[in-house]
Amino acid sequence: MTADRRGILLVLSSPSGAGKSTIGRRLLAENACMAPSVSATTRPPRPGELEGEDYHFLSRAEFQAKADAGEFLEWAEVHENCYGTPRAPVETALKAGRDVLFDIDWQGARDVAAAMTGDTVRIFILPPSMAELKRRLYARAQDAHDVIERRLQRARGEIGQWGEYDYIVVNHDLDDAYAKVSAIYQAECLRRQRNPWVAQKVADLIAEPMETPTRVR
């Protein structure tokens with residue numbers, strides 16, 4: 001990846017259980033030029049989550065100190081825990097021509113888009129139905145019953161923010177939803193505005209002399 005191509009901030013949002021994290025992991029696995037934005041959070045680690053890889057796990061006091069110092073690109077309190085995006089690694093990646101994937105809620109997506117106008121592409125993943133969303137949340141068995149019920153109550157409000165997003169993908173089938181998100185990403189990478197090298201390429205093509213072809217008898 002050449003540094004004359006500015007990176008993309010690709011934001012995936014959805015209610016918990018709609019599939020954004022699974023789609024995001026597949027995007028990262030299949031696109032070497034993309035790196036995850038590792039958020040900071042005050043919530044405790046879930047089974048299998050690693051510090052610095054899944055999240056930066058902070059105490060509330062540590063988190064607030066970083067927020068007060070302006071070290072987050074965005075941050076919000078969600079489900080009684082705080083989540084934030086460290087600013088420095090994102091800005092470094094953009095300048096180096098690398099794409100950054102965000103798995104954040106609509107509030108964070110709004111703040112990232114406001115702070116990084118022109119660099120941000122927002123995709124909202126919808127569940128096929130509320131009943132299916134509930135089934136998925138209980139099936140993954142990662143949270144207590146009361147936590148799941150709070151997530152379901154919050155989901156309607158989150159879905160109501162769909163109008164702030166550039167693209168909407170309904171996750172009826174995971175492979176189909178992934179294919180659509182991947183196509184959006186590839187198309188955004190090819191936007192003229194994100195590839196300033198194209199102007200010189202076009203100028204070179206126009207100026208390139210063409211030899212007269214040899215006539216074939």
task = Under 13 Å from the Cβ of Gly118, count the other residues' Cβ atoms, weight Lys and Arg +1, Asp and Glu -1, and hand me the total.
result = +2
Among Ile206, Ile148, Ile184, residue whose mean-square fluctuation peaks in a GNM of the chain (springs only between Cα atoms under 10 Å) = Ile206
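At a 10 Å Cβ-Cβ cut-off, how would you order Thr117, Thr41, fewest neighbours first? Walk me through the intermediate numbers first.
Details: Thr117 8, Thr41 20.
Taking fewest neighbouring Cβ atoms as first place, the list is Thr117, Thr41.
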remark   = The Cα radius of gyration of the chain, divided by 2.2 N^0.38 Å with N its residue count, comes to 1.22
inquiry  = Could you give each residue of the range 144-151 its phi-based ³J(HN,Hα) in whole Hz, using Karplus coefficients 6.51, -1.76, 1.60 with θ = phi - 60°, and x for Gly or Pro?
reply    = 5, 3, 5, 5, 4, 5, 5, 5
request  = Report, in deg cm²/dmol and to the nearest 500, the calculated mean residue ellipticity at 222 nm for the chain, where each DSSP H run with n ≥ 4 adds -39500 (n - 2.57) and the sum is divided by the residue count.
outcome  = -13000 deg cm²/dmol
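Within 9 Å, Cβ to Cβ, of Val38, how many net charges do the neighbouring residues add up to if Lys/Arg are +1 and Asp/Glu are -1?
-2
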remark   = So Leu174 and Ala65, fully extended at 0.36 nm per residue minus their Cα-Cα distance, gain in nm 35.3 nm
key: Sites Glu164 and Ala203, calculated FRET efficiency, Cβ-Cβ separation with R0 35 Å, nearest 0.05   = 0.40
Dipole of the range 157-214, positive end: most advanced residue of Asn171, Ile206, Gln161 [Cβ charges, Cα centre] = Ile206
request  = Please compute the Cα-Cα pair-distance distribution of the range 9-95 with 10 Å bins starting at 0, giving whole percents from short to long.
outcome  = 15, 47, 34, 4
request  = Indicate the gyration tensor shape class of the range 85-161 (rounded, prolate or oblate), computed on the Cα atoms with a ≥ b ≥ c the square roots of the eigenvalues: a/c under 1.5 is rounded; otherwise a/b larger than b/c is prolate and the rest oblate.
outcome  = prolate
ask   = To the nearest 0.05, what FRET efficiency results for His145 and Thr92 with a Förster distance of 30 Å applied to their C-beta separation?
value = 0.15
Distance between modelled label sites at Gln153 and Glu77, nm, 7 Å Cα→Cβ extension = 1.6
query = Residue by residue, what Karplus-based ³J(HN,Hα) values in Hz, rounded to whole numbers, does the range 157-165 have, using 6.51, -1.76 and 1.60 with θ = phi - 60° and x for Gly and Pro?
reply = x, 5, 4, x, 8, 4, x, 7, 9
task = Please compute the Cα-Cα pair-distance distribution of the range 158-217 with 10 Å bins starting at 0, giving whole percents from short to long.
result = 16, 25, 21, 16, 13, 7, 2, 0
message = I'd like the Karplus ³J(HN,Hα) series for the range 75-80: coefficients 6.51, -1.76, 1.60, θ = phi - 60°, whole numbers in Hz, and an x wherever there's a Gly or Pro.
response = 7, 7, 9, 10, 6, 6
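Values in this text are rule-based calculations from the coordinates and carry no lab data. If you're wondering where the values come from, they're calculated on a predicted model, not measured in any experiment. Ideal geometry is used to build each Cβ from the backbone, glycine not excepted, and the neighbour counts take in all protein chains shown.
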